[in-house]
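What follows is one structure encoded as structure tokens, with my remarks underneath.
Each value in this text was obtained by applying a stated rule to the coordinates, not by laboratory testing. Everything numeric in this text was worked out from a predicted model, so none of it was measured. Because the Cβ atoms are built from the backbone with ideal geometry, glycine has one as well, and the counts that use them run over all protein chains shown.
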Amino acid sequence: MASEVSDELGALHRQMVLIRRFEEAAAKAYSQGKIGGFLHLYIGQEASAVGALAALRETDYVVGTYRDHGIGLAKGMTPRACMAELFGKVTGCSKGLGGSMHYFDADKRMLGGYGIVGGHVPLAAGVAFKAKYKNTGEVTVCFLGDGAVSIGDFHEALSLAALWKLPLVTIVENNEYSMGTPLSRTMSVPDSSQKALAYGMARDRFHAHDVLEVKARVGEAVKRARESSLPTLIEIQTYRYRGHSMSDPGKYRSAEEIEARKKDDCVLRAEAALRAQGRDDAYFAALEAEIEAIVEDAVRFADESAEPGEELIEAYTYA
Amino acid sequence: MRKLRYREALREAIAEEMERDPNVFLMGEEVGYYQGAYKVTEGLLERFGAERVVDAPIAESGFAGLGIGAAMVGLRPIIEFMTWNFSAVAFDQILNNAAKVRQMSGGQFTCPIVFRGPNGVARQTGAQHSQSFDAIYAYIPGVKVVAPATPADAKGLLKSAIRDENPVIFLEDERLYGVTGEVPDGEHLVPIGVSNLVRQGATATVVTWGKMLPAVLAAAETLGREGVECAVIDLRSLRPLDLAPVYASVAETGRALVVQEGWPYGGVGAEVVDRLQRECFAQLRAPVLRVTGRDASMPYNKHLEDLSIPSAETVVRGVRAVLAY
Ligand SMILES: Cc1ncc(C[n+]2csc(CCOP(=O)(O)OP(=O)(O)O)c2C)c(N)n1
Ligand SMILES: [Mg+2]
């Protein structure tokens, strides 16, 4: 019989597999011309969103970047609404108006994917401000990339969050690159969590290899936010296997480097742990089949859904 | 004459000016090792080295401001914004420093800097990545604003911009980067503040700039087959604005249409309309109309995006409306 730990790990592993297969299906649809614009895939980074958001309650908030599919799915958004958004359909989470970079789901408290690097971090501080103002006990998690650590808005947000003791967990997903530039050429120090020191903010830094560890470590920051209304800056070290977006040929890194990083793959690591706890081939085959059916359903749904009508162009300019 | 792509023409301008003046340097995200997000700066790092082709972190306000300071003390920076959307982060630097330092210092300092990158709608990149900054920057006294539509103008205007003693907002276009056109051999400069009559016609005058030029020319061809001959004027520079060829054309046609990609409220098109009604009141036989982008943030959906910016068809309709008045 599966233990409680392996049940939990099983659920997180399942979410990671869902995200990976969803992203693979999105890449395929992009190459078929069904998705346009920018498409930034999350493949390789799954344990970061899945582990972090597993530490939250449903009533907690998340804010993210344009690399938002994994975050949206991990926060409970439906694969159908997520895929339909990529296809630009009216059944998408943002009615086909937002696209890949702008997932939103008010019910799930997913407050958006944002396209201007760093611009969403002050916004996340504002969401945390509301929780404190109303004394709701809600926590806000904000994801950003390592490249965003260089921009002013990140620092202004941290400065305010520390000054006003906001229940905000800011997570830098350090995937080693901002577009084609390695971290060593964008930052004077290799560890972005050091930026917390000058703000007098708690910090943490760890790898996203083990999804349960991600959950536990982010959980400490969430507890600090919920119980003491204090912010934390976390750097999660991770890696994206695909290009920055679908249009990036990725000439700035070697195939060997990517293969080496894949050895620490978060999905495979979770699978190995589950096997060690007694899950067998039949379990994983059934899981893959179940996920495949979900993703196929999402693609079919997106394909068959209607385009938004012209009346939606101006419909949401004002409330 | 040779045929060059728009992006190659820009690259040639940058390289020639860097050869000519050691104070010229290029700074921006992914301009060096990555060879440019849109490959405009391909090969420049290898040619000029990392001191002069500087890869910057994502810190637009920081490197735009750094460029302004460097320009005040003798360097001639070319600051690339990966797209103009990200210049919003650096807006304070451009508005409050670059545009004002000469005036605030009583003329003691100048700011010879070029800010450049792709402007406007690309393809399905959504609300935050599909904005035309023409009107926003043309509003500001103290900066010049240019928006070349052809490879020849891209090269000639960029060289002039780099040599100019003022901050120049240089608006390129992702949809134009791959377009080819003839570019004169040798030294080729196009002066800032001179518009260009690109098509003759006695029935109506159409004024435009940047990526709308191909749509306008296509519309003019369509109308020409029906005997409606449109004069087409490419403004090229939005500040200073040269409307002399427009006035001359309107004296003949009595009818004018302005076509712009961006939002309708205020803006460069509205400025043209204002000047026309004052300068050409007696000659105008119809109100000056505008064909513009829709008054909304850009939708991601392709069909809605297409409907949100002018096309050859909407320009044809616009000309017909001016003629029907
Ligand atoms: C202010 C701003 N400048 C530039 C860009 C273009 N851009 C989009 S993503 C990106 C790289 C971001 O890297 P990182 O923060 O590490 O996130 P990752 O993509 O690795 O998840 C850049 C330069 C932008 N969107 N916003
Ligand atoms: Mg990164």
Treating the angle as unsigned and between 0 and 90°, give the value, to the nearest 10°, between the Cα long axis of helix B:6-20 and the longest Cα principal axis of chain B.
-> 40
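Counting alpha carbon pairs within less than 8 Å and at least 6 residues apart, what relative contact order, in whole percent, applies to the stretch B:196-323? Walk me through the numbers before you get to the answer.
On the way: 236 pairs, mean separation 37.9, N = 128.
Taking the mean separation of contacting Cα pairs over the length of the stretch B:196-323, I get 30 percent.
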Count charges around A:Arg279 for me, please; just the other residues with Cβ under 12 Å from its Cβ, Lys/Arg as +1, Asp/Glu as -1.
-> -2
Cβ under 14 Å from A:Pro122's Cβ, A:Pro122 left aside: what net charge do those residues give with Lys, Arg +1 and Asp, Glu -1?
-> -1
Relative to the first principal axis of the alpha-carbon coordinates of chain B, what is the inclination of helix B:212-224, with its axis defined by its Cα atoms, in degrees from 0 to 90 and to the nearest 10?
-> 20
Before rounding to the nearest 500, sum -39500 (n - 2.57) across all DSSP H runs of length at least 4 in the protein assembly as shown and divide by the residue total; then give [θ] at 222 nm in deg cm²/dmol.
-> -12000 deg cm²/dmol
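Going through the stretch B:51-89, which GluC sites (Glu not before Pro) have at most 10 other Cβ atoms within 10 Å and a DSSP loop state? Show your work: numbers first, answer last.
Numbers: sites: B:Glu51, B:Glu60, B:Glu80; in loops: B:Glu51.
In loop regions of the stretch B:51-89 (DSSP not H, G, I, E or B), the sparsely surrounded GluC sites (Glu not before Pro) are B:Glu51.
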What Rg and what Dmax come out for the stretch A:1-157 when only alpha-carbon atoms are used, in angstroms?
-> 15.8, 52
Relative contact order %, chain B, counting alpha carbon pairs below 8 Å whose residues are six or more apart | 16
Checked against the positive end of the charge dipole of chain A (+1 on Cβ of Lys and Arg, -1 on Cβ of Asp and Glu, about the Cα centre), the farthest of A:Thr186, A:Ala260, A:Gly250 is A:Thr186
Could you size up the charge dipole of the protein assembly as shown around its Cα centre, putting +1 on the beta carbon of Lys and Arg and -1 on that of Asp and Glu, and report it in debye to the nearest 20?
-> 1040
Among A:Ala106, A:Ala26, A:Ala84, which one moves the most in a GNM of chain A with springs linking Cα atoms closer than 10 Å?
-> A:Ala106
Total charge of the residues flanking A:Val5 in space, meaning their Cβ is under 13 Å from its Cβ, with Lys and Arg +1 and Asp and Glu -1, is -3
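If you keep only loop residues by DSSP, which chymotrypsin sites (Phe, Trp or Tyr not before Pro) in the stretch A:76-172 have at most 16 other Cβ atoms within 10 Å of their Cβ?
Working: sites: A:Phe87, A:Tyr103, A:Phe104, A:Tyr114, A:Phe129, A:Tyr133, A:Phe143, A:Phe154, A:Trp164; in loops: A:Phe87, A:Tyr103, A:Phe104, A:Trp164.
Sparse-neighbourhood loop chymotrypsin sites (Phe, Trp or Tyr not before Pro): A:Trp164.
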Please give, to one decimal in nm, the separation of the simple spin-label points placed at B:Asp185 and A:Val5, each 7 Å out from Cα toward the Cβ.
-> 7.7
Neighbour cut-off at most 13 other Cβ (10 Å), DSSP loop, trypsin sites (Lys or Arg not before Pro), the stretch A:1-59 | A:Arg57
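Given Cβ point charges of +1 (Lys, Arg) and -1 (Asp, Glu) and nothing else, what value in debye, to the nearest 20, does the dipole of the stretch B:196-323 about its Cα centre take?
Working: 14 positive and 14 negative charges, 21 e Å.
For this selection, approximately 100 debye.
Using 20 Å as the Cα-Cα cut-off, could you pick out the over-long pairs in A:Lys134/A:Lys223; A:Lys108/B:Lys302; B:Lys3/B:Lys144?
Values: A:Lys134/A:Lys223 18 Å; A:Lys108/B:Lys302 27 Å; B:Lys3/B:Lys144 28 Å.
Distance filter (> 20 Å) returns A:Lys108/B:Lys302; B:Lys3/B:Lys144.
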Which one of B:Phe170, B:Phe81, B:Phe281 has the biggest mean-square fluctuation once chain B is modelled by GNM with Cα springs under 10 Å?
-> B:Phe281
Can you give the average number of partner chain beta-carbon atoms within 10 Å of each beta-carbon in peptide B:51-61, as a whole number?
-> 5
Positive-end residue of B:Leu323, B:Leu276, B:Asn301, charge dipole of the stretch B:271-325 with Cβ unit charges | B:Leu323
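List B:Glu46, A:Glu310, A:Glu138 from most exposed to least, where exposure is judged by having the fewest other Cβ atoms within 10 Å. Please list the in-between numbers first.
Numbers: B:Glu46 11, A:Glu310 14, A:Glu138 20.
Result, fewest neighbours first: B:Glu46, A:Glu310, A:Glu138.
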Shape call for the stretch A:145-220 from the C-alpha gyration tensor, a ≥ b ≥ c root eigenvalues: rounded (a/c under 1.5), prolate (a/b greater than b/c) or oblate?
-> oblate
Among B:Ser311, B:Asn196, B:Ala248, flag the residue with its Cα farthest along the positive direction of the charge dipole of the stretch B:196-323, charges on Cβ as +1 for Lys/Arg and -1 for Asp/Glu.
-> B:Ala248
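What are the membrane-span-like helices in chain A by this rule: whole DSSP H runs, Cα extent along the axis at least 27 Å, mean Kyte-Doolittle hydropathy at least 0.0? Walk me through the numbers on the way to the answer.
Values: long enough: A:4-31 (41 Å, -0.25); A:281-304 (34 Å, 0.23).
Span-like helices in chain A: A:281-304.
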Report the residues of the stretch A:1-41 in range of a label on A:Asp280: point 7 Å along Cα→C-beta, backbone N strictly under 13 Å from it.
-> A:1
Taking a ≥ b ≥ c as the square roots of the eigenvalues of the Cα gyration tensor of the stretch B:2-183, is the shape rounded (a/c under 1.5), prolate (a/b larger than b/c) or oblate?
-> rounded
Most mobile of B:Leu217, B:Leu304, B:Leu66 per a Gaussian network model of chain B (Cα springs, under 10 Å)?
-> B:Leu304
Rel. contact order, % - alpha carbon contacts under 8 angstrom, at least six apart, chain A = 24
Return, ordered by residue number, the residues of the stretch B:284-300 whose backbone nitrogen is under 15 Å from a label point located 7 Å along Cα→Cβ of B:Thr314.
-> B:289-300
For B:150-162, what's the mean count of beta carbons from other chains sitting within 10 Å of each residue's beta carbon?
-> 0
For the protein assembly as shown, what number results from the quotient of the Cα radius of gyration and 2.2 N^0.38 Å?
-> 1.03
Using a basic spin-label model with each label point 7 Å from the Cα along Cα→Cβ, how many nm lie between A:Ser188 and B:Tyr33?
-> 1.9
Checked the stretch A:2-306 with the C-alpha gyration tensor, a ≥ b ≥ c its square-rooted eigenvalues, rounded below a/c of 1.5, otherwise prolate if a/b is larger than b/c and oblate if not; verdict rounded
Distance between modelled label sites at B:Asn96 and A:Tyr316, nm, 7 Å Cα→Cβ extension | 3.2
